[in-house]
Amino acid sequence: MSMSLVCVKDYEREAHRQLPLNALNYYKSGALGEVTVHENKAAMNRWYIRPRFLRDMSKRSLATTVLGHPVSLPFGVAPTAMQRMACPDGECANARAAAKNGTVFTLSTISTSSIEEIATHAPSSLRFFQLYIYKDRDVTARLVKRAEAAGFSALVLTVDAAFSSIRREDMRNKFILPPHLRIENFQDNDKKSTLVNSSAGGSGLKEYVTALFDTSVTWKDIAWLKRITKLPIILKGILTAEDALLGLEAGAAAIWVSNHGGRQVDGVPPSIEALPEVVKAVNGQCEVYVDGGFSEGSDIFKALALGAQMVFLGRPLLWGLTCGGEEGAHNILQILYRELDTIMALSGCATVKDITREMVIRKEYYSK
Ligand code: FNR
């Protein structure tokens with residue numbers, strides 16, 4: 001089947017055909033009017049690539065590092081919740097595909113495979129753990145300790161989702177996690193593992209988040225987190241220079257520019273447009289990552305030129321998992337590898353370091 005699926009969009013189309021409506025709409029939708037979902041993609045085309053020619057392109061490498069860990073690709077896997085709705089192995093399949101491609105996998109707190117399952121089923125993976133802060137701080141601290149014990153290399157603290165936003169498709173569907181699945185990071189069969197399996201009238205996920213997540217979190221809690229772990233802390237969901245600087249002050253090891261795939265505040269800037277502001281503010285003091293709307297090798301190239309150390313992908317891997325489990329996720333990463341390698345080769349960049357700021361320019365420059 002994969003012979004006829006040659007790009008991320010092909011996988012997306014096929015996954016839309018295969019997934020049940022409850023899961024499909026949860027995966028694809030965004031907040032409110034979905035302006036930011038649309039803009040994340042549209043904004044990619046506001047940047048043009050400035051190719052340079054007649055440079056020796058016979059030897060090329062896409063290798064880079066993330067927090068000092070060598071990786072084969074300058075892009076990795078973003079945390080997305082509840083991946084076993086896409087295929088039976090869910091997150092384990094996704095982590096294995098990332099490991100096979102020599103890149104990083106990020107596990108969501110609200111995953112349908114546990115921290116320990118990832119360590120067992122993808123032992124060689126470079127893995128980050130995405131953390132949500134539960135009202136019960138002991139519960140939160142236990143997650144952190146388990147991630148450390150299971151060989152995760154960093155915590156990704158998501159700052160934009162203490163509240164679940166309004167996602168109209170999930171309200172219409174009364175979204176629930178199907179009964180054969182649960183949030184596997186919690187084994188007690190209590191609310192933390194199963195509340196999302198039911199709906200009291202709207203989105204079951206919104207009800208889960210409202211009941212359990214701590215909405216009182218502030219910058220001070222990063223100090224609390226730093227006290228209970230030695231793992232580097234990456235702040236995910238930053239969109240402004242101001243918050244990037246507060247993050248640095250709080251001791252973040254990296255800033256991850258993201259609007260949660262357009263699923264939280266509708267009307268915020270597309271990630272690629274917020275990236276330059278954050279890169280400038282951080283001024284080389286820590287690594288900057290980005291996600292949101294990346295589905296072509298050329299999109300990734302543009303973000304690298306704008307100063308991202310690493311690009312992350314959410315939905316594209318869900319489409320891959322849906323169409324072919326681990327192999328589908330692997331194919332997505334391979335497609336993007338080939339596309340990025342081709343763009344680099346054709347633009348005069350033999351290594352990731354060669355993708356400098358001068359390699360991209362705003363579209364408006366050409367209409368002057
Ligand atoms: C997400 N995202 C997300 N982020 C996070 O920190 N924890 C989570 O549990 C989830 N869950 C989640 C579920 C689904 C279905 C989606 C689509 C997204 C956000 C995710 O990490 C990332 O920011 C976006 O998905 C990036 O945009 P693209 O690549 O999907 O366009």
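The values are calculated or read from the model by the stated rules, or taken from the named source; none is laboratory data. Computed from a predicted model, the values in this text were never measured in an experiment. Please note: Cβ atoms are built from the backbone with ideal geometry, for glycine as well, and neighbour counts cover all protein chains shown.
Report every pair of residues separated by at least 6 positions or lying on different chains whose Cβ atoms are under 6 Å apart, first residue within the range 250-263 and within 10 Å of GLU287 (Cβ to Cβ), second within 8 Å of the ligand (Cβ to nearest atom) and of a type in the set (D, E, K, R). If the second residue must be within 8 Å of the ligand (Cβ to nearest atom) and of a type in the set (D, E, K, R), the pairs left are TRP256/LYS236.
Exactly one residue out of SER203, SER216, SER193, SER258 is over 24 Å from GLN309 (Cα atoms), modelled with pLDDT of 95 or more and either touching a helix residue (DSSP H, G or I) at 6+ places or on another chain (Cβ under 9 Å) or acidic (Asp, Glu) (or both): that is SER203. Applying the selection to the range 292-324, what residues are within 12 Å of the ligand (Cβ to nearest atom), farther than 17 Å from ASN101 by Cβ and crowded, with 24+ Cβ neighbours inside 10 Å? Scanning the range 292-324 gives GLY292, GLY293, ASP299, ALA303, THR322.
Contact map, the range 47-69: first residue farther than 15 Å from LYS353 by Cα, second residue of a type in the set (Val, Ile, Thr) and part of a strand (DSSP E or B), Cβ cut-off under 7 Å, separation 6 or more or different chains; pairs are TRP47/VAL360; TYR48/VAL360; TYR48/ILE361; ILE49/VAL360; ARG50/VAL360; ARG50/ILE361. Identify all residues within the range 1-28 that are part of a loop (DSSP other than H, G, I, E, B) and surrounded by fewer than 21 Cβ atoms within 10 Å (Cβ to Cβ); write none if there are none. Selection gives MET1, VAL6, CYS7, LEU19, PRO20.
Residues of the range 131-165 that are within 15 Å of the ligand (Cβ to nearest atom) and assigned to a loop (DSSP other than H, G, I, E, B): TYR132, ILE133, PHE152, VAL159, ASP160, ALA161, ALA162, PHE163, SER164, SER165.
Across the range 91-130, the qualifying residues are those that are part of a loop (DSSP other than H, G, I, E, B) and not hydroxyl-bearing (Ser, Thr, Tyr), and the one among them that is nearest to ILE183 (Cα to Cα) is ILE110. Restricting the range 226-246 to residues that are in a helix (DSSP H, G or I) and aliphatic (A, V, I, L, M), the residue that is farthest from ALA274 (Cα to Cα) is ILE228.
Each residue in the range 221-268 was checked for being of a type in the set (Ser, Thr, Tyr) and surrounded by fewer than 24 Cβ atoms within 10 Å (Cβ to Cβ), and 2 of them qualify. Whether a residue is out of contact with any Pro (no Cβ under 8 Å at 6 or more places or on another chain), farther than 27 Å from LYS174 by Cα and acidic (Asp, Glu) was assessed, and ASP221 passes this test.
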